[in-house]
1. Express in Å², to the nearest 10, the accessible area of His301 obtained by rolling a 1.4 Å probe over the protein heavy atoms while all chains stay in place.
2. Per-residue HN-Hα couplings for segment 113-127, Karplus 6.51 cos²θ - 1.76 cosθ + 1.60 at θ = phi - 60°, whole Hz, x for Gly and Pro?
3. Average the reciprocal distances over every distinct pair of alpha-carbons in segment 185-260, invert the result, and give the Kirkwood radius in Å.
4. With unit charges on the beta carbons (Lys and Arg positive, Asp and Glu negative) and the dipole taken about the Cα centre of segment 5-113, which residue among Ile99, Ala113, Val13 sits farthest to the positive side?
5. With everything on Cα atoms, drop me the angle between helix 306-318 and the longest principal axis of the chain, reported from 0 to 90° to the nearest 10.
6. Counting only Cα atoms, I'd like the Rg/Rh figure for segment 5-113, Kirkwood definition for Rh.
7. Given +1 on the Cβ of Lys and Arg, -1 on the Cβ of Asp and Glu, and no further charges, what dipole in debye does the chain carry about its Cα centre, rounded to the nearest 20?
8. If you wrap a convex hull around the Cα atoms of segment 318-393, how much volume per residue is inside, in Å³?
Amino acid sequence: MTETISSVDAIVVGEKNPTAATWAGVSIIVKVTTSRGAVGWGEAVPTLRVGPVVEAIKEAARVYVGRDPHNVEANLREWYKHDFYMARSFESTTAASAIDIASWDLIGKELGAPLYELLGGRSRDKVRVYANGWYSDAVSPADFAEKARKVAAMGYTGLKFDPFGKYFDWIDEKGLEEARARVKAVRDVVGDGVDIMIEHHGRFNPNSAIAIADALSEFNPLFMEEPVHPEDLDGLAKYRSRAGIKVALGERLIGLKDALTYLEGGLLDFIQPDITNIGGVTIARKVVALAEAYGVEVAFHNAFGPIQNAVTIQMDAAIPNFLIQESFYDFWPQWKRDLVNNETPVVNGHYEVPSKPGIGVSINEKLLEELRAAGPEYFNPEEPVWVVRGTWK
Ligand SMILES: O=C(O)C(=O)C[C@H](O)[C@H](O)CO
Ligand SMILES: [Mg+2]
(Lines give C-alpha, C1' and ligand atoms only; values in the text may rest on other atoms or scores of the structure.)
(Ligands and ions follow the chains in the order given, each with its own letter.)
Protein backbone atom coordinates (compact mmCIF):
# COMPACT_ATOMS: atom_id res chain seq x y z
CA MET A 1 0.00 0.00 0.00
CA THR A 2 1.57 3.31 -1.09
CA GLU A 3 2.23 5.75 1.74
CA THR A 4 0.34 8.99 1.19
CA ILE A 5 0.10 12.38 2.86
CA SER A 6 -2.92 12.24 5.16
CA SER A 7 -2.80 15.71 6.75
CA VAL A 8 -1.03 19.09 6.57
CA ASP A 9 -1.24 21.31 9.66
CA ALA A 10 -0.10 24.95 9.82
CA ILE A 11 0.90 25.72 13.42
CA VAL A 12 1.44 29.39 14.26
CA VAL A 13 3.72 29.78 17.27
CA GLY A 14 5.14 32.80 18.94
CA GLU A 15 5.71 35.16 21.76
CA LYS A 16 3.14 35.85 24.40
CA ASN A 17 4.90 39.24 24.39
CA PRO A 18 4.95 40.02 20.67
CA THR A 19 7.52 42.81 20.98
CA ALA A 20 10.12 40.56 22.62
CA ALA A 21 11.64 39.32 19.37
CA THR A 22 14.18 41.48 17.54
CA TRP A 23 12.45 40.32 14.39
CA ALA A 24 9.92 37.71 13.18
CA GLY A 25 8.04 37.31 16.46
CA VAL A 26 6.04 34.35 15.16
CA SER A 27 6.85 31.25 13.13
CA ILE A 28 4.56 29.20 10.89
CA ILE A 29 5.51 25.57 11.41
CA VAL A 30 4.00 23.01 9.01
CA LYS A 31 3.42 19.43 10.17
CA VAL A 32 2.86 16.83 7.45
CA THR A 33 1.54 13.44 8.57
CA THR A 34 1.36 10.36 6.36
CA SER A 35 -0.91 7.33 6.16
CA ARG A 36 1.84 5.43 8.03
CA GLY A 37 1.74 7.97 10.86
CA ALA A 38 5.16 9.36 9.91
CA VAL A 39 5.66 13.12 10.45
CA GLY A 40 7.69 15.65 8.48
CA TRP A 41 8.28 19.29 9.43
CA GLY A 42 8.39 22.41 7.27
CA GLU A 43 8.19 26.15 7.75
CA ALA A 44 6.56 29.02 5.85
CA VAL A 45 7.26 32.76 5.79
CA PRO A 46 5.51 34.69 8.59
CA THR A 47 6.41 38.28 7.69
CA LEU A 48 3.30 40.43 7.35
CA ARG A 49 1.21 37.59 6.03
CA VAL A 50 0.52 35.10 8.79
CA GLY A 51 -3.20 34.85 8.08
CA PRO A 52 -3.02 34.64 4.27
CA VAL A 53 -0.12 32.15 4.44
CA VAL A 54 -2.01 29.88 6.82
CA GLU A 55 -4.97 29.94 4.43
CA ALA A 56 -2.63 29.32 1.48
CA ILE A 57 -1.24 26.27 3.27
CA LYS A 58 -4.78 24.92 3.57
CA GLU A 59 -5.26 25.48 -0.18
CA ALA A 60 -1.95 23.84 -1.09
CA ALA A 61 -2.81 20.93 1.22
CA ARG A 62 -5.80 20.18 -1.00
CA VAL A 63 -3.32 19.29 -3.74
CA TYR A 64 -0.82 17.41 -1.59
CA VAL A 65 -3.12 15.30 0.64
CA GLY A 66 -3.52 11.82 -0.82
CA ARG A 67 -0.28 12.01 -2.78
CA ASP A 68 2.92 10.08 -2.15
CA PRO A 69 5.32 12.39 -0.23
CA HIS A 70 8.32 10.82 -1.96
CA ASN A 71 7.30 12.26 -5.32
CA VAL A 72 8.45 15.81 -4.53
CA GLU A 73 8.91 16.79 -8.20
CA ALA A 74 5.52 15.46 -9.32
CA ASN A 75 3.78 16.92 -6.27
CA LEU A 76 5.21 20.40 -6.82
CA ARG A 77 4.24 20.19 -10.51
CA GLU A 78 0.72 19.17 -9.54
CA TRP A 79 0.51 22.17 -7.17
CA TYR A 80 1.77 24.42 -9.99
CA LYS A 81 -0.87 23.01 -12.34
CA HIS A 82 -3.71 23.70 -9.88
CA ASP A 83 -2.32 27.03 -8.66
CA PHE A 84 -3.09 28.51 -12.06
CA TYR A 85 -2.85 32.21 -11.17
CA MET A 86 0.84 31.84 -11.72
CA ALA A 87 3.09 30.37 -9.07
CA ARG A 88 4.17 33.93 -8.40
CA SER A 89 1.75 34.18 -5.51
CA PHE A 90 4.10 34.60 -2.57
CA GLU A 91 1.60 33.07 -0.17
CA SER A 92 0.94 30.07 -2.37
CA THR A 93 4.63 29.48 -3.07
CA THR A 94 5.67 29.65 0.57
CA ALA A 95 2.84 27.25 1.38
CA ALA A 96 4.05 24.75 -1.22
CA SER A 97 7.65 25.35 -0.08
CA ALA A 98 6.79 24.44 3.50
CA ILE A 99 5.05 21.22 2.47
CA ASP A 100 7.99 20.39 0.19
CA ILE A 101 10.46 20.83 3.06
CA ALA A 102 8.35 18.53 5.24
CA SER A 103 8.25 15.97 2.41
CA TRP A 104 12.05 15.94 2.19
CA ASP A 105 12.19 15.59 5.98
CA LEU A 106 9.90 12.55 5.70
CA ILE A 107 12.02 11.01 2.93
CA GLY A 108 15.22 11.47 4.91
CA LYS A 109 13.71 9.98 8.03
CA GLU A 110 12.36 7.02 6.09
CA LEU A 111 15.80 6.36 4.58
CA GLY A 112 17.60 7.07 7.84
CA ALA A 113 19.61 9.77 6.06
CA PRO A 114 20.21 13.48 6.75
CA LEU A 115 19.10 15.60 3.81
CA TYR A 116 22.67 16.46 2.81
CA GLU A 117 23.13 12.79 1.89
CA LEU A 118 20.21 13.04 -0.54
CA LEU A 119 21.72 16.22 -2.03
CA GLY A 120 25.22 15.03 -2.87
CA GLY A 121 26.80 14.32 0.50
CA ARG A 122 28.99 16.54 2.63
CA SER A 123 31.00 19.26 0.91
CA ARG A 124 31.78 20.64 4.39
CA ASP A 125 31.43 19.50 7.99
CA LYS A 126 30.99 23.00 9.37
CA VAL A 127 29.09 25.97 7.95
CA ARG A 128 30.51 29.47 8.41
CA VAL A 129 27.78 31.88 9.52
CA TYR A 130 27.29 35.63 9.75
CA ALA A 131 25.18 37.21 12.45
CA ASN A 132 21.99 39.17 11.86
CA GLY A 133 19.53 40.43 14.44
CA TRP A 134 22.36 41.40 16.80
CA TYR A 135 21.87 45.18 16.68
CA SER A 136 18.40 45.76 18.15
CA ASP A 137 17.96 49.27 19.63
CA ALA A 138 21.29 50.41 18.15
CA VAL A 139 21.13 54.01 16.92
CA SER A 140 24.44 55.81 17.54
CA PRO A 141 27.77 54.63 16.11
CA ALA A 142 28.79 53.79 19.67
CA ASP A 143 25.71 51.57 20.06
CA PHE A 144 26.61 49.66 16.89
CA ALA A 145 30.27 49.40 17.88
CA GLU A 146 29.52 48.05 21.36
CA LYS A 147 27.13 45.42 20.06
CA ALA A 148 29.46 44.48 17.19
CA ARG A 149 32.37 44.06 19.57
CA LYS A 150 30.33 41.54 21.63
CA VAL A 151 29.27 39.61 18.51
CA ALA A 152 32.84 39.38 17.24
CA ALA A 153 33.93 38.25 20.71
CA MET A 154 31.41 35.38 20.40
CA GLY A 155 33.46 34.10 17.45
CA TYR A 156 31.39 35.39 14.54
CA THR A 157 33.50 36.32 11.51
CA GLY A 158 30.66 38.06 9.65
CA LEU A 159 28.10 40.67 10.72
CA LYS A 160 25.21 42.02 8.65
CA PHE A 161 23.35 45.16 9.59
CA ASP A 162 21.15 47.94 8.26
CA PRO A 163 22.77 51.31 9.07
CA PHE A 164 20.13 53.48 7.39
CA GLY A 165 17.73 54.34 10.19
CA LYS A 166 14.42 55.70 8.94
CA TYR A 167 15.51 56.56 5.40
CA PHE A 168 13.34 55.15 2.62
CA ASP A 169 13.47 55.62 -1.16
CA TRP A 170 16.16 58.31 -0.98
CA ILE A 171 18.91 59.37 1.38
CA ASP A 172 20.40 62.83 1.91
CA GLU A 173 23.89 63.90 2.95
CA LYS A 174 22.94 63.74 6.62
CA GLY A 175 21.71 60.17 6.21
CA LEU A 176 24.82 59.18 4.30
CA GLU A 177 27.02 60.59 7.05
CA GLU A 178 25.00 58.81 9.76
CA ALA A 179 25.26 55.50 7.89
CA ARG A 180 28.96 56.06 7.25
CA ALA A 181 29.63 56.76 10.93
CA ARG A 182 27.80 53.58 11.98
CA VAL A 183 29.64 51.43 9.43
CA LYS A 184 33.00 53.02 10.31
CA ALA A 185 32.36 52.35 14.00
CA VAL A 186 31.67 48.67 13.30
CA ARG A 187 34.63 48.28 10.94
CA ASP A 188 36.96 49.98 13.46
CA VAL A 189 35.88 47.67 16.28
CA VAL A 190 35.85 44.35 14.40
CA GLY A 191 38.93 45.02 12.27
CA ASP A 192 39.65 43.74 8.75
CA GLY A 193 39.44 40.06 9.69
CA VAL A 194 35.64 40.11 10.06
CA ASP A 195 33.32 40.49 7.07
CA ILE A 196 30.66 43.17 7.24
CA MET A 197 27.55 43.07 5.04
CA ILE A 198 25.29 46.06 4.45
CA GLU A 199 21.55 45.34 4.44
CA HIS A 200 19.50 47.90 2.49
CA HIS A 201 16.21 45.96 2.72
CA GLY A 202 15.49 46.86 -0.89
CA ARG A 203 14.34 50.34 0.00
CA PHE A 204 16.32 52.86 -2.08
CA ASN A 205 16.07 54.38 -5.53
CA PRO A 206 19.14 53.80 -7.73
CA ASN A 207 20.69 57.26 -7.27
CA SER A 208 20.57 56.97 -3.49
CA ALA A 209 21.87 53.38 -3.59
CA ILE A 210 24.78 54.52 -5.76
CA ALA A 211 25.53 57.39 -3.36
CA ILE A 212 25.51 54.87 -0.49
CA ALA A 213 27.94 52.61 -2.36
CA ASP A 214 30.25 55.59 -2.91
CA ALA A 215 30.07 56.48 0.79
CA LEU A 216 30.58 52.97 2.19
CA SER A 217 32.88 51.16 -0.27
CA GLU A 218 36.00 52.28 1.66
CA PHE A 219 34.90 49.90 4.45
CA ASN A 220 35.10 46.96 2.05
CA PRO A 221 31.71 45.28 2.65
CA LEU A 222 31.53 41.64 1.53
CA PHE A 223 28.31 42.60 -0.22
CA MET A 224 25.57 45.21 -0.45
CA GLU A 225 22.24 43.43 0.07
CA GLU A 226 19.14 44.46 -1.88
CA PRO A 227 20.41 47.99 -2.64
CA VAL A 228 17.35 49.04 -4.68
CA HIS A 229 13.63 48.32 -4.64
CA PRO A 230 13.11 44.65 -5.65
CA GLU A 231 10.91 45.46 -8.70
CA ASP A 232 13.49 47.86 -10.12
CA LEU A 233 15.57 45.66 -12.42
CA ASP A 234 16.61 48.64 -14.57
CA GLY A 235 17.66 50.51 -11.45
CA LEU A 236 19.66 47.49 -10.32
CA ALA A 237 21.38 47.35 -13.72
CA LYS A 238 22.23 51.06 -13.36
CA TYR A 239 23.57 50.40 -9.86
CA ARG A 240 25.68 47.51 -11.17
CA SER A 241 27.16 49.71 -13.89
CA ARG A 242 28.02 52.55 -11.50
CA ALA A 243 28.64 51.18 -8.02
CA GLY A 244 31.52 48.72 -8.53
CA ILE A 245 30.68 46.84 -5.33
CA LYS A 246 29.36 43.30 -4.87
CA VAL A 247 25.60 42.78 -4.72
CA ALA A 248 23.69 40.03 -2.92
CA LEU A 249 19.95 39.48 -3.17
CA GLY A 250 17.37 36.72 -3.46
CA GLU A 251 15.28 36.47 -0.30
CA ARG A 252 12.15 37.55 -2.15
CA LEU A 253 12.60 35.33 -5.22
CA ILE A 254 9.77 32.87 -5.82
CA GLY A 255 10.51 30.12 -8.30
CA LEU A 256 13.34 29.08 -10.58
CA LYS A 257 12.54 31.58 -13.33
CA ASP A 258 12.94 34.50 -10.89
CA ALA A 259 16.46 33.31 -10.12
CA LEU A 260 17.27 32.89 -13.82
CA THR A 261 16.23 36.48 -14.54
CA TYR A 262 18.82 37.84 -12.13
CA LEU A 263 21.55 35.32 -13.04
CA GLU A 264 21.35 35.66 -16.82
CA GLY A 265 21.15 39.43 -16.41
CA GLY A 266 24.34 39.50 -14.36
CA LEU A 267 22.39 41.47 -11.76
CA LEU A 268 24.03 39.96 -8.69
CA ASP A 269 27.29 38.56 -7.42
CA PHE A 270 25.83 36.32 -4.71
CA ILE A 271 22.34 34.83 -4.61
CA GLN A 272 20.31 34.52 -1.38
CA PRO A 273 17.35 32.25 -2.07
CA ASP A 274 15.07 31.39 0.84
CA ILE A 275 14.08 27.71 0.96
CA THR A 276 10.76 28.63 2.59
CA ASN A 277 9.59 30.70 -0.38
CA ILE A 278 11.71 29.77 -3.45
CA GLY A 279 9.88 26.43 -3.81
CA GLY A 280 11.28 24.35 -0.97
CA VAL A 281 14.28 22.05 -1.26
CA THR A 282 13.07 20.86 -4.67
CA ILE A 283 13.48 24.27 -6.29
CA ALA A 284 16.29 25.54 -4.06
CA ARG A 285 18.59 22.78 -5.28
CA LYS A 286 17.86 23.81 -8.90
CA VAL A 287 18.60 27.46 -8.11
CA VAL A 288 21.93 26.35 -6.59
CA ALA A 289 22.79 24.45 -9.78
CA LEU A 290 21.81 27.41 -11.97
CA ALA A 291 23.93 29.72 -9.83
CA GLU A 292 26.84 27.30 -10.11
CA ALA A 293 26.58 27.45 -13.91
CA TYR A 294 26.92 31.23 -13.70
CA GLY A 295 29.77 31.07 -11.19
CA VAL A 296 27.60 32.63 -8.48
CA GLU A 297 27.95 31.70 -4.83
CA VAL A 298 24.99 31.00 -2.53
CA ALA A 299 24.25 32.63 0.83
CA PHE A 300 20.78 31.36 1.76
CA HIS A 301 18.42 33.85 3.37
CA ASN A 302 17.53 32.48 6.81
CA ALA A 303 15.60 34.92 8.96
CA PHE A 304 12.60 33.14 10.41
CA GLY A 305 12.49 30.02 12.56
CA PRO A 306 14.28 26.82 13.58
CA ILE A 307 12.91 24.48 10.90
CA GLN A 308 14.00 26.87 8.16
CA ASN A 309 17.37 27.14 9.89
CA ALA A 310 17.78 23.36 10.11
CA VAL A 311 16.92 22.58 6.48
CA THR A 312 19.15 25.45 5.33
CA ILE A 313 22.14 23.99 7.18
CA GLN A 314 21.51 20.66 5.44
CA MET A 315 21.68 22.35 2.05
CA ASP A 316 24.74 24.40 3.07
CA ALA A 317 26.52 21.15 3.92
CA ALA A 318 26.10 19.75 0.41
CA ILE A 319 26.25 22.58 -2.12
CA PRO A 320 29.52 23.25 -3.97
CA ASN A 321 29.06 27.02 -4.34
CA PHE A 322 28.55 27.98 -0.70
CA LEU A 323 29.55 31.48 0.40
CA ILE A 324 28.37 32.09 3.96
CA GLN A 325 25.19 31.44 5.99
CA GLU A 326 22.93 34.00 7.63
CA SER A 327 22.03 33.21 11.24
CA PHE A 328 19.82 34.87 13.83
CA TYR A 329 20.29 31.87 16.11
CA ASP A 330 21.95 33.57 19.08
CA PHE A 331 19.66 36.58 18.79
CA TRP A 332 16.38 34.68 18.62
CA PRO A 333 13.95 34.57 21.50
CA GLN A 334 14.84 31.43 23.48
CA TRP A 335 11.68 29.58 22.39
CA LYS A 336 12.97 29.31 18.82
CA ARG A 337 16.10 27.47 19.97
CA ASP A 338 14.09 25.37 22.42
CA LEU A 339 11.71 24.24 19.65
CA VAL A 340 14.60 22.23 18.17
CA ASN A 341 16.12 21.37 21.55
CA ASN A 342 18.95 23.77 20.73
CA GLU A 343 20.42 21.18 18.37
CA THR A 344 22.01 23.68 15.95
CA PRO A 345 24.09 25.99 18.15
CA VAL A 346 26.61 28.41 16.62
CA VAL A 347 30.05 27.34 17.81
CA ASN A 348 32.90 29.77 17.17
CA GLY A 349 31.11 31.34 14.24
CA HIS A 350 30.05 28.06 12.62
CA TYR A 351 27.17 25.57 12.54
CA GLU A 352 28.19 21.95 12.95
CA VAL A 353 26.17 19.97 10.40
CA PRO A 354 23.69 17.67 12.19
CA SER A 355 23.58 14.08 10.90
CA LYS A 356 20.17 13.07 12.26
CA PRO A 357 17.83 11.86 9.48
CA GLY A 358 15.81 14.37 7.48
CA ILE A 359 16.26 18.02 8.43
CA GLY A 360 18.62 16.90 11.17
CA VAL A 361 16.81 18.13 14.27
CA SER A 362 14.10 16.87 16.60
CA ILE A 363 11.05 18.98 17.46
CA ASN A 364 9.85 19.70 20.99
CA GLU A 365 6.16 19.05 20.25
CA LYS A 366 5.07 19.78 23.81
CA LEU A 367 6.56 23.28 23.57
CA LEU A 368 5.07 23.67 20.09
CA GLU A 369 1.62 23.21 21.58
CA GLU A 370 2.36 25.58 24.46
CA LEU A 371 3.51 28.27 22.01
CA ARG A 372 0.49 28.18 19.74
CA ALA A 373 -0.35 31.80 18.96
CA ALA A 374 -3.44 33.20 17.30
CA GLY A 375 -3.80 36.25 15.13
CA PRO A 376 -1.51 38.33 12.98
CA GLU A 377 2.07 39.24 13.72
CA TYR A 378 2.74 42.29 15.90
CA PHE A 379 2.40 45.48 13.81
CA ASN A 380 4.07 48.73 14.85
CA PRO A 381 2.97 51.70 12.70
CA GLU A 382 6.12 53.53 13.85
CA GLU A 383 8.53 50.83 12.70
CA PRO A 384 8.29 48.41 9.72
CA VAL A 385 8.29 44.77 10.81
CA TRP A 386 11.23 44.02 8.50
CA VAL A 387 13.75 46.08 10.44
CA VAL A 388 15.58 44.82 13.49
CA ARG A 389 13.56 46.12 16.43
CA GLY A 390 14.38 49.62 17.67
CA THR A 391 16.55 50.74 14.75
CA TRP A 392 14.02 52.73 12.69
CA LYS A 393 15.20 55.98 14.20
O1 LIG B 1 17.46 38.62 6.96
C2 LIG B 1 17.38 39.39 5.98
O3 LIG B 1 18.23 39.53 5.08
C4 LIG B 1 16.16 40.18 5.84
O5 LIG B 1 16.12 41.09 5.05
C6 LIG B 1 15.01 39.80 6.72
C7 LIG B 1 14.71 40.80 7.72
O8 LIG B 1 13.99 41.80 7.10
C9 LIG B 1 15.81 41.44 8.43
O10 LIG B 1 17.04 41.24 8.09
C11 LIG B 1 15.56 41.53 9.90
O12 LIG B 1 15.31 42.81 10.11
MG1 LIG C 1 17.71 40.95 3.62
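The values are calculated or read from the model by the stated rules, or taken from the named source; none is laboratory data. Remember, predicted model here, so these are calculated numbers, not experimental data. Please note: Cβ atoms are built from the backbone with ideal geometry, for glycine as well, and neighbour counts cover all protein chains shown. For accessibility, only protein heavy atoms count, side chains too; no ligands or nucleic acids. Shrake-Rupley method; radii C 1.70, N 1.55, O 1.52, S 1.80 Å.
1. Using a 1.4 Å probe on the heavy atoms, I get roughly 10 Å².
2. Each residue of segment 113-127 in turn: 10, x, 3, 4, 5, 7, 10, x, x, 7, 8, 7, 8, 10, 10 Hz.
3. Working: mean 1/r = 0.0765 Å⁻¹.
Computed over Cα pairs of segment 185-260, the Kirkwood hydrodynamic radius comes out at 13.1 Å.
4. Working it through, the farthest residue towards the positive pole turns out to be Val13.
5. 90 degrees
6. 1.00
7. It works out to roughly 340 debye.
8. Values: hull volume 12.1 nm³, N = 76.
With only Cα atoms used, segment 318-393 gives 159 Å³ per residue.
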